[in-house]
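Asker: Provided herewith is a single structure, encoded as structure tokens, for subsequent inquiry.
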Amino acid sequence: MRKNIVAGNWKMNLDYEKGLSLFSEIVNMVKDEVVGNQEVIVCSPAIHLSSLAKLAAPVKNVTVGGQNIHQAESGAYTGEVSASQVKSTGAAYVILGHSERRAYFGETDELLAEKVDAALKHDLKPIFCIGETIEERENERFFEIIQSQLDKGVFHLSNADFGQVVLAYEPVWAIGTGLTATPAQAQEVHAYIREAIANKYNQEIADNTTILYGGSANPGNAKELFSQPDIDGGLIGGASLKSRDFLDIVKVFN
Ligand code: PEP
């Protein structure tokens, strides 16, 4: 049975001490609220990872993740962080393909496929983000875009490797904008993604894949979104920076 996941994406926020203090608060609040096969992940800037991973270690089903890796093993890539380095902090996941990295850092599907491979090689689970822009939605090209991002980014993986991947459907027009996909719009795309997985791999793998929704999810809309049959939780940006809001989203699965 697939996992339900609530993952926070802190983006480039919080200095070291503030990050530790927010995470301590989150851990204290969620430790008795993470139920069944649910997992809570906080994807922090690299500077926090090792300290957060130590705080998370004693708590069941609370883990941490990075927000990016370089595709190379190591070497002369000033300012970059490799998969093995992120893994060595105790992180279990890494966000790849976030629309901000695609848009501001020119990350292509082809590059992202290399990053996915690097992550898996070092036992870091990718949280792979896909989603259409507002123009692509208005032109009704969103299924085509989603299919192409899947084909180029993750569908080269073996069955076993694909089994390590979490997908996040994040319509670009809903990220950080306060606009949220309606539960019906999100469900329609999630169902498409699950069917695409079944077509590429098989129904069992499709049924076992966690597909998160991301895009201005908050305590007010999370319940309706997460109750859709193919929405298995959320990737949460802004609301993950407020412990109370993040807790309320985690508690949707109680
Ligand atoms: C995100 O950055 O992945 C995200 C979903 O952000 P927000 O929740 O702020 O829209």
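Derivation of every value follows stated rules applied to the coordinates shown; laboratory data play no part. Just so you know, these numbers come straight off a predicted model, no measurement behind them. Using ideal geometry, Cβ is built from the backbone for each residue, glycine included, and neighbour counts are taken over all protein chains shown.
Asker: Can you list which of the GluC sites (Glu not before Pro) found in the range 125-175 are DSSP loop residues with at most 10 other C-beta atoms within 10 Å?
Answerer: Of the GluC sites (Glu not before Pro), the ones in loops of the range 125-175 whose Cβ has at most 10 other Cβ atoms within 10 Å are GLU140.
Asker: In debye to the nearest 20, how big a dipole does the chain give about its Cα centre with +1 on each Lys and Arg Cβ and -1 on each Asp and Glu Cβ?
Answerer: Using Cβ point charges on Lys, Arg, Asp and Glu, the chain gives about 800 debye.
Asker: Can you work out the FRET efficiency for the pair TYR16 and VAL59, with r the C-beta to C-beta distance and R0 = 22 Å, to the nearest 0.05?
Answerer: 0.60
Asker: From the Cα trace of the range 1-156, what convex hull volume per residue do you get, rounded to a whole Å³?
Answerer: Once divided by residue count, the hull of the range 1-156 is 137 Å³.
Asker: On a 28 Å Cα-Cα criterion, which of the cross-link pairs LYS3/LYS223; LYS18/LYS60; LYS152/LYS251; LYS54/LYS115; LYS121/LYS152; LYS3/LYS87 come out too long?
Answerer: In this structure, LYS152/LYS251 exceed 28 Å between Cα atoms.
Asker: Given a cut-off of under 8 Å on Cα pairs at least six residues apart, what relative contact order in percent is computed for the range 171-254?
Answerer: The normalised contact order for the range 171-254 reaches 31 percent.
Asker: Hey, got a sec? Which GluC sites (Glu not before Pro) in the range 34-95 land in a DSSP loop and have at most 15 other Cβ atoms within 10 Å?
Answerer: Within the range 34-95, the qualifying GluC sites (Glu not before Pro) (loop, at most 15 other Cβ atoms within 10 Å) are GLU73, GLU80.
Asker: Enumerate the calculated ³J(HN,Hα) couplings along the range 40-51 in order (Karplus 6.51 cos²θ - 1.76 cosθ + 1.60, θ = phi - 60°), each rounded to whole Hz, writing x wherever the residue is Gly or Pro.
Answerer: Result, rounded to whole Hz: 10, 10, 10, 9, 10, x, 4, 4, 8, 3, 5, 5.
Asker: Could you list which residues have their amide H under 5 Å from that of VAL81, counting only those 5 or more apart in sequence or on another chain, with H placed in the peptide plane?
Answerer: HIS70
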